[in-house]
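A short worksheet on the structure shown next.
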Amino acid sequence: MRRTSLLLLMVALITSLMVLNGCPKKQEPVTPPPAPVETTKPEVKPEPEQPKQPEAKPELREEQLQTVYFDFDKYNLRPDAKSSLDANFALLQQYSNVIIKIEGHCDERGTVEYNLSLGEKRAKSVMDYLTGLGVSASRVTIVSYGKERPLDAGHNETAWAKNRRAEFRVVSQ
């Protein structure tokens, strides 16, 4: 009996241990803590530098150049023409990249051939004056229109005086 009592005692002990411990609880799976979230600001890339535009150079306008006038049947420069050309020279020095064309004109009197020749002499005398002041001859071309392009279509001395001229055109800058 002793054996039986011992066995009963053991069973009772095991049962009480089981009751005291209760049913084993389900173990929850261990989850690792969440990874730390980076709260850094996204990297801001600087905008690529725009290539600097060269500053626009001011351009010489034809209206800035003064027209030169001549006496009837002449191509020599009058004092007022030289004064105008001195002012034009200053502009051409300031705008040293400008290439110009000098146009020689005449009034309606005379033949076409004569006026073409006279217009060329007028343009050449203007060019010679400017190159004498220091404008490079490579920056100047001449052309004669004779009586083909009158400024004033009148048939009197006032109109003819306006038509006897040398005008400037800007060819390139």
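The values are calculated or read from the model by the stated rules, or taken from the named source; none is laboratory data. Here the structure is a predicted model, which means the values were calculated and not measured. Note that each Cβ is placed from the backbone with ideal geometry, even for glycine, and that neighbours are counted across all protein chains shown.
Number of residues in region 82-101 that are in contact with a helix residue (DSSP H, G or I) (Cβ under 8 Å, 6 or more places away or on another chain) and either of a type in the set (A, V, I, L, M) or assigned to a loop (DSSP other than H, G, I, E, B) (or both): the value is 6. I'd like to verify a number: residues in region 138-173 that are closer than 15 Å to Y95 by Cα and part of a helix (DSSP H, G or I), how many? Total meeting the criteria: 2.
Are any of the residues in region 117-129 more than 41 Å from the chain's Cα centre (by Cα), at pLDDT 95 or above, among the aliphatic types (A, V, I, L, M) and crowded, with 17+ Cβ neighbours inside 10 Å?
Taking region 117-129 first, the residues more than 41 Å from the chain's Cα centre (by Cα) are 117-118.
Now narrow it down to the ones that are at pLDDT 95 or above: 117-118.
Checking which are among the aliphatic types (A, V, I, L, M) leaves us with 118.
Remaining after also requiring crowded, with 17+ Cβ neighbours inside 10 Å: 118.
Yes, region 117-129 contains at least one residue that is more than 41 Å from the chain's Cα centre (by Cα), at pLDDT 95 or above, among the aliphatic types (A, V, I, L, M) and crowded, with 17+ Cβ neighbours inside 10 Å.
The condition (being more than 40 Å from the chain's Cα centre (by Cα) and of a type in the set (V, I, T)) is satisfied by just one residue among V112, V140, V135: V112. S96 passes every criterion in (1) surrounded by fewer than 17 Cβ atoms within 10 Å (Cβ to Cβ); (2) small (G, A, S); (3) more than 26 Å from the chain's Cα centre (by Cα) apart from (3). Go through (1) at pLDDT below 95; (2) touching a helix residue (DSSP H, G or I) at 6+ places or on another chain (Cβ under 6 Å) one by one and return the number of the condition V68 breaks. Answer for V68: the failing condition is (1). The single condition from (1) in a helix (DSSP H, G or I); (2) within 18 Å of T141 (Cα to Cα); (3) touching a Lys or Arg at 6+ places or on another chain (Cβ under 7 Å) that N115 fails is (2). Got at least one residue in region 124-134 being over 28 Å from Q93 (Cα atoms) and either assigned to a loop (DSSP other than H, G, I, E, B) or of a type in the set (A, V, I, L, M) (or both)? No, there is no match, as no residue in region 124-134 is over 28 Å from Q93 (Cα atoms) and either assigned to a loop (DSSP other than H, G, I, E, B) or of a type in the set (A, V, I, L, M) (or both). For beta carbons closer than 9 Å, sequence separation of 6+ or different chains, a first residue in region 41-64 that is in a loop (DSSP other than H, G, I, E, B) and a second that is at pLDDT 70 or above and of a type in the set (S, T, Y), the qualifying pairs are K57/Y95; P58/Y95; E59/Y95; L60/Y95.
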